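Read the structure below first, then the notes.
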Amino acid sequence: MRVLHVAAECYPAAKAGGLGDVVGALPKYLNRIGVQAGVIIPKYGTKWLWEHPFKAVHRGTVRLNQSYIPYVIEQEVNDTLGFTLFAVHIPGMFDRPGVYADPNTGYGYSDELERYMVFQQAVLQWIIASSEKPHVIHCHDHHTALIPFMMNYCPEYESLSYIPTVLTIHNGVYQGIFSWNNKDLLPYFRTYAAPVLDWNGMINSLATGIKCAWRVTTVSYSYMEELSVSSNGLEPLIQSEWHKCKGILNGIDTETWDPTNDPRIQYHLTNDVKKFKLNNKMAVCERFRVDPRLPMITFIGRLVGEKGADLLPDLILKCAQSGRRVSFVVLGTGERNLHQSFLHLQWHLSGIFDCSLEYNETLAHQLYAGADFILMPSRVEPCGLNQMYAMRYGTVPIVRSIGGLRDTVWDHGDWEGRGFRFQQFSVDDALVAIDRAIAVFHDQKEFTRLQSHDMKLDFSWDSSAVNYKNLYEELV
């Protein structure tokens, strides 16, 4: 069975968040269980994509309103990722630094709609021209969600309508909404299909994908349920399409995230968890100005409201002012006002707080290995991978009980607890969880037991890949 994953990200070629991690791991594990899985993404100006050799396998042009945009489908020559990677080279549209935004300014690219409209059509034109077509087309998030619509209602692509499509929602906050004034950017579609594109008076890419895809999945069980009651206006649509919706929990690539041989960390795990954590904590403290004697809480990720990053400045300041003996380290980039808040705290709370306002994969691995706790106060968390990475490295999660965090982090007070949860998005509720975590940290016997327990949990892609294989087989 051949499955083609169409996505905006794929680690390590191009990554901005968890979508990239999933698309970079799931196909590899599918290949191991007999599914011939490949991935196609845009060819961004990332270092990885331009340093690895690619060969051209197809050329064409896409009509965009009154213009014709040339593109080249390229295939990675050496198949270094455990699956075949294709990239769509569209000169002038994707060959820029950053995936969605200019890393120098932090501002998103203004032509996102045009870029992904050309990308999706280039993929479909290539599939039509291919002698070996995929048995399933698996689309990821709104960037590719118009593909099922085009296959069903655009004469140019209707010859593919027999191929089953799966749409995975990694984050329902971003829906790819645009005005009907831009409808001419779409390929010609059957006029009677206009209502399929419409949601609340706008063209909504994600809503259209939900309507047209054969199956819709989300990246955790709880997130699928949450979308049915809170999805930024898509609730009635999710409920009406519930018969084809399914939550499948993400996994992690346990080869990339392996504390016994991870090349990105200073000290590898042998059979002494306590020594492994202590040595890596000291390595973190060589980079960040925090007291190694204090329990260390880290936040790793995008500094945006969705991840709850705006809760952190007040939370950290209140911890410091109340005399709580705890340190914080933040790694990430995002909203500029949060950057300023963290730089201010860095100046005033030396020894208690430090930060690195960047995307740094190596530093992230070292923090997972060296920190005592990871804090994830998310407003929305469809699945969350950071808590799984953290537990694999013996870093105990402190999380808001939402989405995939609720599915993967069982509270320490419950049977086989794994971390510490809080319900409300508030400083006070988060402080209660932090206080509970600190209390366990000072009971070193219990804390080491908790770390060891978390490190033995199986969050690999093995079972999730089987669930996807079963889904594909049902469709085919």
Here is a list of conditions, (1) farther than 23 Å from Val57 by Cα; (2) touching a helix residue (DSSP H, G or I) at 6+ places or on another chain (Cβ under 8 Å); (3) hydroxyl-bearing (Ser, Thr, Tyr), and Ser159 meets all of them except one; can you say which number that is? (1)
Among the residues of segment 356-391 satisfying the criterion of being charged (D, E, K, R) and under 18 Å from the mean Cα position of the chain (by Cα), which is nearest to Pro103 (Cα to Cα)? Glu358
Number of positions in segment 66-92 that are crowded, with 19+ Cβ neighbours inside 10 Å, farther than 23 Å from Glu132 by Cα and without any contact (Cβ under 8 Å) to a residue 40 or more places away in the chain: 0
Looking only at helices (runs of 4 or more DSSP H) that lie completely in segment 275-374, which have at least 2 residues being touching a residue at least 60 places away in the same chain (Cβ under 8 Å)? 312-321, 361-370
Report whether or not Leu471 is among the aliphatic types (A, V, I, L, M) and outside the structural domain of Val284 (by TED's automatic domain parsing). yes
Name every residue in segment 142-171 that is polar (S, T, N, Q), over 18 Å from the mean Cα position of the chain (by Cα) and over 17 Å from Tyr472 (Cα atoms), in order of residue number. Asn152, Ser159
Could you identify the single residue in Thr260, Thr270 that is without any contact (Cβ under 8 Å) to a residue 12 or more places away in the chain, within 25 Å of the chain's Cα centre (by Cα) and farther than 18 Å from Asn171 by Cβ? Thr260
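The values are calculated or read from the model by the stated rules, or taken from the named source; none is laboratory data. All values derive from a computational prediction rather than experimental measurement. Here the Cβ is made from the backbone with ideal geometry for all residues, glycine too, and neighbour counts use every protein chain on show.
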